[in-house]
Amino acid sequence: MRKLLAITAFLCLCVSTSFAHISSIKHLDKEEKTQQNFRLEKVNGNVHALFGRGGNIGVSYGSDGLMTIDTQFANVVPQIKAELKKLGSDTPKFVFNTHWHGDHTGGNELFGQDAMIIAHQNVYERLKNTTEFRGRARTPTKKVGLPTFTYKYGLSVYMNGEQVKAVHFPKGHTDGDTVVFFTGSNVVHLGDTFFAGRFPFVDLASGGNVEGLINNIGKMIQMIPADAKIIPGHGPISTIDDLKSYHAMLLDTTLIVRKHMKAGKSLDEIKTAGFPEKYKDAGSGFINTNAWIETIYRSYSMKMKKNM
Ligand SMILES: [Zn+2]
Ligand SMILES: [Zn+2]
């Protein structure tokens, strides 16, 4: 174990932003139901993506064994293990959590019986305590499902012939987001900072922030190699061009809402005005157009209050 584990901490920039509650977002159930086909897809090098119910799982398998990025839900662990077994092992040595949400950490208590779980320190705190998720208190995670290793800025595991580098991005989707770079395989797992082709969920109550998310994605675009394959938190395997389009869409829609806010329009008036037709598809996922407008509105209202 010690041989294949070498840990290094490194610096990354932090920005401070504000947070608040959000409402009127459709429940995750809709997306969960549309993602129930469990399947592995080879991404590149040592890395596969496992699609199922909840956030996409990144998988590294090779001579040092198995590692996963995220764990979906406890009640689908048998299906996840059945897919992993096809590679040669269903028992990861290491599990990274990209953030604390239940569709990415729900299987932790089962995988944690064998694996070392690694995550940002805010993920540990939110899993350990009774964190509220969209107005409902969730049960704290048992010790076996909590991260054993945490970090403030980042951490690397050297496994299967490559550096697997976790980098924290502050206050975007939540306040504990991690992006995982498979540096040799040229694959990056973006967690829920990337809802491919769809408006994103930004968890303002968990320290998420729309401006922070957009800034973080801008930094990621600079860091990710042009020919890398990207595993989003939700949606299909993507490219840097897909991420650039997503970034442009977030910038544009946010600018539209902010212009209306500056003109003194109410949230209802902004929802009625909506977005250009070209963004219709982006609102067809679990965050619809109204929910995205409300998220932007609430996130920037907090910022304006803070600056007053
Ligand atoms: Zn998710
Ligand atoms: Zn999430």
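The values are calculated or read from the model by the stated rules, or taken from the named source; none is laboratory data. In this text, all values refer to a predicted model and were calculated from it rather than measured experimentally. Every residue, glycine among them, receives a Cβ derived from its backbone with ideal geometry; neighbour counts consider all protein chains shown.
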Of residues in segment 213-244 being of a type in the set (G, A, S) and more than 21 Å from G285 (Cβ to Cβ), the one farthest from ligand 2 (Cβ to nearest atom): A226
Tally, over segment 102-135, of residues that are modelled with pLDDT under 95 and loosely packed, with under 15 Cβ neighbours inside 10 Å: 4
Scan of segment 263-308 for residues that are over 21 Å from L204 (Cα atoms) and part of a helix (DSSP H, G or I), ordered by number: E269, T272, A273, E277, K278, Y279, D281
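Quick grid of which residues meet (1) buried (at least 24 other Cβ atoms within 10 Å of the Cβ); (2) out of contact with any Pro (no Cβ under 7 Å at 6 or more places or on another chain); (3) not in a loop (DSSP other than H, G, I, E, B):
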| position | (1), (2), (3) |
| --- | --- |
| T174 | yes, yes, no |
| S185 | no, yes, no |
| V188 | yes, yes, yes |
| F199 | yes, yes, no |
| V202 | yes, yes, no |
Answer residue from segment 224-258, given it is under 18 Å from F181 (Cβ atoms) and of a type in the set (A, V, I, L, M, F, W, C) and is nearest to ligand 1 (Cβ to nearest atom) among those: I231
Which numbered condition V167 fails, given (1) more than 16 Å from ligand 2 (Cβ to nearest atom); (2) part of a loop (DSSP other than H, G, I, E, B); (3) of a type outside the set (D, E, K, R); (4) under 15 Å from the mean Cα position of the chain (by Cα): (2)
Residue within segment 223-242 that is hydroxyl-bearing (S, T, Y) and part of a strand (DSSP E or B) present: yes
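Conditions tested, residue by residue: (1) within 16 Å of ligand 1 (Cβ to nearest atom); (2) in contact (Cβ under 8 Å) with a residue 40 or more places away in the chain; (3) crowded, with 16+ Cβ neighbours inside 10 Å; (4) of a type in the set (K, R).
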site: A137; (1), (2), (3), (4): no, no, no, no
site: K152; (1), (2), (3), (4): no, yes, no, yes
site: E162; (1), (2), (3), (4): no, yes, yes, no
site: V180; (1), (2), (3), (4): yes, yes, yes, no
Residue satisfying all of: in segment 82-95; touching a helix residue (DSSP H, G or I) at 6+ places or on another chain (Cβ under 9 Å) and of a type outside the set (S, T, Y); farthest from ligand 2 (Cβ to nearest atom) among these: D90
Of residues in segment 207-217 being in contact (Cβ under 8 Å) with a residue 60 or more places away in the chain and surrounded by fewer than 24 Cβ atoms within 10 Å (Cβ to Cβ), the one farthest from I240 (Cα to Cα): G207
Search result, residues across segment 182-218 that are of a type in the set (F, W, Y) and more than 12 Å from ligand 1 (Cβ to nearest atom): F182, F199
Verdict on G212 being in a loop (DSSP other than H, G, I, E, B), farther than 29 Å from N46 by Cβ, of a type in the set (G, A, S) and at pLDDT 95 or above: no
Unique match (being closer than 23 Å to S156 by Cβ and within 16 Å of ligand 2 (Cβ to nearest atom)) among I69, I118: I69
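Table: residues versus (1) within 24 Å of G208 (Cα to Cα); (2) of a type in the set (S, T, Y); (3) in contact (Cβ under 8 Å) with a residue 40 or more places away in the chain.
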residue	(1), (2), (3)
D64	no, no, yes
D70	yes, no, yes
P78	no, no, no
G106	yes, no, yes
F111	no, no, yes
